[in-house]
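The structure appears right after this line, and notes come after that.
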Amino acid sequence: MPMWRTLIEALWIVAGLIGAAVFASLATWSVPAARGSIWGVAYVSMIVLVLMGVGPVRRAWARDRAAQGDTGNV
């Protein structure tokens with residue numbers, strides 16, 4: 001059985017990264033002189049986005065494992 005909750009959380013993170021990259025590329029198109037600053041802020045926001053996604057992914061992973069009956073205790 002696939003781990004749907006985990007997959008969905010990971011896809012939200014990927015969607016956020018794509019969105020940040022799109023916004024940054026549009027911003028650099030709009031203001032080419034600020035290219036370095038825009039991408040710097042974009043990279044930091046992408047790192048924060050991934051770090052904020054760690055907790056939800058861990059909770060989803062635990063719920064998916066519990067739904068499968070695999071508690072990991074041996």
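Couple of notes before you dig in:
- Residues in segment 42-58 that are in contact with an Asp or Glu (Cβ under 8 Å, 6 or more places away or on another chain) and open to solvent by 50 Å² or more (accessible area, probe 1.4 Å): none.
- Pairs, first without any contact (Cβ under 8 Å) to a residue 24 or more places away in the chain in segment 1-30, second of a type in the set (A, V, I, L, M) and assigned to a helix (DSSP H, G or I), C-beta under 6 Å, six or more apart: Ala24/Ile38; Ala24/Ala42; Ala27/Ile38; Thr28/Ile38
- Here the condition is being modelled with pLDDT of 95 or more, open to solvent by 70 Å² or more (accessible area, probe 1.4 Å), more than 30 Å from Gly69 (Cβ to Cβ) and assigned to a helix (DSSP H, G or I); of Trp39, Trp29, it holds for Trp29 alone.
- Evaluating Ala24 against the criteria (1) open to solvent by less than 30 Å² (accessible area, probe 1.4 Å); (2) under 9 Å from the mean Cα position of the chain (by Cα); (3) of a type outside the set (Val, Ile, Thr) leaves one unmet condition, (2).
The values are calculated or read from the model by the stated rules, or taken from the named source; none is laboratory data. Just so it is clear, the structure is predicted and the values come from calculations on it, not from any experiment. Cβ: placed from backbone, ideal geometry, glycine included. Neighbour counts: every protein chain shown. The area values use the complete protein model at the heavy-atom level, side chains included, leaving out ligands, DNA and RNA. Shrake-Rupley method; radii C 1.70, N 1.55, O 1.52, S 1.80 Å.
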